[in-house]
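Inspection log for the structure reproduced underneath, given as structure tokens.
Bear in mind these aren't lab numbers, they're just calculated from the coordinates by the rules spelled out. Predicted model only: the values in this text are computed from it and were never measured. Here the Cβ positions follow ideal geometry from the backbone for every residue, glycine too, while neighbour counts run over all protein chains shown.
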Amino acid sequence: MKRMALAILSTVLIVGGVGAQQRVSKVDDAGTLHLPDGEIIPYSDLASPAARKNFIDATRGYEAVMAPKPANWKPKAGETAEDQERRWYDEVLYIPWLSKLRHRFVVVIEPKEIGGVQADVIYPPEGVSDNNKERVLINLHGGGMLVGARYGGQLESIPISSSTSPRLTV
């Protein structure tokens with residue numbers, strides 16, 4: 001458990017660029033994290049295969065986002081620097097990751113507007129369980145007020161909704 005916490009913390013610090021300066025951690029096909037200083041942290045044997053695959057996809061997705069943008073990456077007409085960054089994250093990280101995740105965790109995503117705010121209601125294809133008919137789990141995704149407003153919330157909500165049958169609003 002301590003190693004798992006260290007692996008997650010290490011990934012967050014390196015992805016966030018804290019002291020990394022082009023020294024990047026790599027994750028192998030088994031989910032083992034290889035740190036720049038040579039330390040190797042294996043993925044937990046207690047996690048499910050789906051959780052392991054999700055960790056690998058997430059780590060590799062963040063590696064792609066942190067890579068330099070290709071020369072042909074240009075802002076669209078009227079797009080601010082912030083909008084361009086959001087589009088980069090959506091196209092390089094969130095949308096490809098969601099595509100993989102939705103193959104592992106089957107859910108229905110219903111776009112809605114609630115009180116003037118865009119939201120997605122996510123639930124299993126068989127519907128909400130009787131035990132959860134009167135319950136709603138609201139996920140307020142973080143994203144630092146910069147990225148992931150829609151797709152980041154879906155990434156966090158899909159595995160929960162597919163496995164516990166609540167109605168989840170993102």
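Counted by neighbouring Cβ atoms within 10 Å, the residues 137, 155 run from fewest to most as 137, 155. Among 101, 146, the order by Cβ neighbours within 10 angstrom, fewest to most, reads 146, 101. Cross-link partners for residue 69 among the aspartates and glutamates, with Cα-Cα distance under 20 Å and sequence neighbours closer than 8 places in the same chain left out: 57, 79, 82, 83, 85, 90, 91. Extension gain, residue 46-residue 103: 0.36 nm per intervening residue step, less the Cα-Cα distance, totals 18.3 nm. In segment 71-170, one over the average inverse separation of all distinct C-alpha pairs is 14.6 Å, which is the Kirkwood hydrodynamic radius.
Normalised by the number of residues in segment 59-132, what is the relative contact order in percent for Cα pairs under 8 Å and 6+ residues apart?
22 percent
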